[in-house]
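The values are calculated or read from the model by the stated rules, or taken from the named source; none is laboratory data. Source: prediction; values computed, not measured. Positions of Cβ are generated from backbone atoms using ideal geometry, with glycine treated the same way; all protein chains shown enter the neighbour counts. Ligands, DNA and RNA are stripped out before the accessible areas are found, and what is left, the full protein with its side chains, is counted by its heavy atoms. Shrake-Rupley method; radii C 1.70, N 1.55, O 1.52, S 1.80 Å.
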Amino acid sequence: MTEEDRLVGWLGRWASGRGPLYLLLAARLRGLIDDGLLAPGSPLPPDRVLARRLAVGRGTVVSAYELLQQEGRLVRRQGSGTRVAEAELPVSRSSGAGANPLLLHVLDPPDGVTLLTCAAPVEPPPELVEAYREAATRLPRDIGYHPAGLPEFRQAVARHFTRLGLPTEPGEILATNGGQQAISLLASQFVSPGDTVRMESPTYTGAAEILLDAGARIDACDLDELHEWGVLSPRGRSAPVRPALAYTIPTAHNPTGRVMPPLARRRLVAWAEEADVPVIDDAVPAELCFDGERPLPLAAYARGEQVLTVGSLSKLVWGGLRVGWIRAAVPVISRLARRRAIHDLGGDAIGQLAAVILLDRADEVRRARLAVLKRRHDHLVSLLREHLPEWSAQPVAGGQTLWVRLPRGDAGAFAQLTARHGVAVPPGTAFDPAGTGYEVMLRLPFVHPEDELTRCVEGLRSAWHDYNGSRRRPALPTLVV
């Protein structure tokens, strides 16, 4: 990821407030400087370059820079460009979440903007309310600290895997606070700073952030090759380094919605066992196959202990139900439980008990969720074909998102513009671990109700009209004095 890409990611929703654009841009840059994300002496992009990336006029960037120069936060010199002023500034709090527009919208949601940045159910279903009501009558009569998870929860997840065709014992299950913590625990167990991690591209950006935060070097692999051959081969490397870990989403892939065929699954597991590389099977979206048939997890093809399966109920039920799990060999689970106990004595007991009830009713919950998702998926596909026919938006086999191709332009610049039309969308580059690919791609979730999706597409169509108008608008002549 270039410094220019990183800055655009940090800027996030800068244009969604009220007031002149140059003041909004200056305010966001001021915050980045004061927080230490833009360190003293850091160069900023030239006026024209940043204006093009943000889809604004050059005068907006010039005015913002000049205002910050007057405040002493920037230094602008002809021939050497614009830099952050040398001064004592706070140390950066984080290099991860701020760089990711998806996480930025979770941390700092914009006012008056519909977020098409998060792919998770937006309404808690009635089954969740009923499960919590019943769970309240089942609370354990003990201290409530269970770092590996409540026994009832571990048994329920084991039963769930067994029903899927993967015989599992409770000792092979670790409870986590959602799928994100599960990936984080695995990263802390298997990855040391400087290690190589191999992952498909595009991929779930939250996993990439965790691995980068752990100090990993990412080898990005082509998703088409993975689904065809089942081998995570790094792009452009003739003699790849043996990775410490690999990560993939084989079922209802985020962001593309693809499902890996059985033969590719066998080949992937065979590669992992031959190379002795642990592989994370992120099965969080795996319940969302529209045909109702969930393929076998990767671990069903394994003879050894290389496959680490991650799951949760955040996509099937509700994102606010922070209950997830890891399925792995008993020794691995024991080590992870000790590691979790250092930071977290145990998850939410009542949430785990509610999950027990929901897992035992998984078929009923899945049918209801898939009916809603498929209806919204079809509605969004129809809207895009009618109102944005230039865009390529193919129906998907499952999941919660469409992987949309723009006919031209830069999706990052366009995404900056959509916020001014009431819609926040993530550009394709956010899903490339290298941060450089998929410049003409957008991810659009179909988790919102149909009327809200209709309003979002209206906003996208309006933004697309303005974006193409700004691209066609001739530049003003430059006066030479």
(request) Within region 392-461, report the chymotrypsin sites (Phe, Trp or Tyr not before Pro) that DSSP leaves as loop and that have at most 12 other Cβ atoms within 10 Å. (result) none
(message) Below 12 angstrom from the Cβ of Thr162, what's the summed charge of the other residues (Lys, Arg +1; Asp, Glu -1)?
(response) +1
(message) If I model a spin label as a point 7 Å beyond the Cα along the Cα-Cβ vector, how far apart are those points for Glu274 and Arg235 in nm?
(response) 2.5
(request) Would you kindly state how much longer the chain becomes between Thr454 and Gln78 on full extension, computed as 0.36 nm times their sequence separation minus their alpha carbon distance, in nm to one decimal? (result) 130.6 nm
(request) Compute the distribution of all C-alpha to C-alpha distances in region 249-346, in bins of 5 Å from 0, and list the percent of pairs in each, rounded to whole numbers. (result) 3, 12, 20, 22, 19, 14, 8, 2, 0
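I'm a student and want to see the number: the projected area of the Cα convex hull of region 1-84, averaged over all directions, in nm².
5.2
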(request) For region 215-231, take each phi angle, set θ = phi - 60°, evaluate the Karplus expression 6.51 cos²θ - 1.76 cosθ + 1.60, and give the result in whole Hz per residue in order, putting x for glycine and proline. (result) x, 6, 9, 8, 9, 7, 10, 6, 5, 4, 5, 4, 6, 8, 10, x, 10
(request) Determine, from the Cβ-Cβ distance of Gln394 and Asp363 and an R0 of 25 Å, the FRET efficiency 1/(1 + (r/R0)^6), rounded to the nearest 0.05. (result) 0.30
(request) Whole number in Å², please: accessible area per residue of the chain, 1.4 Å probe, ligands, DNA and RNA not counted. (result) 44
(message) Along the charge dipole of region 329-424, pointing to its positive end and built from +1/-1 on Cβ of Lys, Arg, Asp and Glu, which listed residue (Ala419, Ala329, Ala371) has its Cα farthest out?
(response) Ala329
(message) Only bridges whose two residues both fall in the chain count here: according to DSSP, what percent of them are antiparallel, nearest 5?
(response) 55
(request) Project the alpha carbons of region 281-440 onto their principal axes and report the range along each, largest first, in whole Å. (result) 52, 37, 34
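Please identify the GluC sites (Glu not before Pro) of region 283-327 that satisfy two criteria: DSSP loop assignment and at most 11 other Cβ atoms within 10 Å. Which are they?
Sparse-neighbourhood loop GluC sites (Glu not before Pro): Glu293.
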(message) With the crude spin-label approximation of a point 7 Å out along Cα→Cβ, what separation in nm comes out for Leu296 versus Thr137?
(response) 4.0
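Grab the DSSP H runs of the chain that are 4 residues or longer, score each as -39,500 (n - 2.57), total them, divide by all residues and round the 222 nm result to the nearest 500 deg cm²/dmol.
One gets -13000 deg cm²/dmol as the mean residue ellipticity at 222 nm.
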(request) Diagonalise the Cα gyration tensor of region 157-233 and give the resulting equivalent ellipsoid semi-axes, square root of 5 times each eigenvalue, largest first, whole Å. (result) 25, 19, 10
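Using alpha carbons only, what's the Rg to Rh ratio of region 176-331 with Rh from Kirkwood?
Expressed as Rg/Rh, it is 0.93.
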(message) Tell me the carbon and sulfur percent of the accessible area for region 309-417, rounded to whole percent, probe radius 1.4 Å.
(response) 52
(request) Report, to the nearest whole %, how much of the accessible area of region 189-266 belongs to carbon and sulfur atoms, 1.4 Å probe, protein only. (result) 52
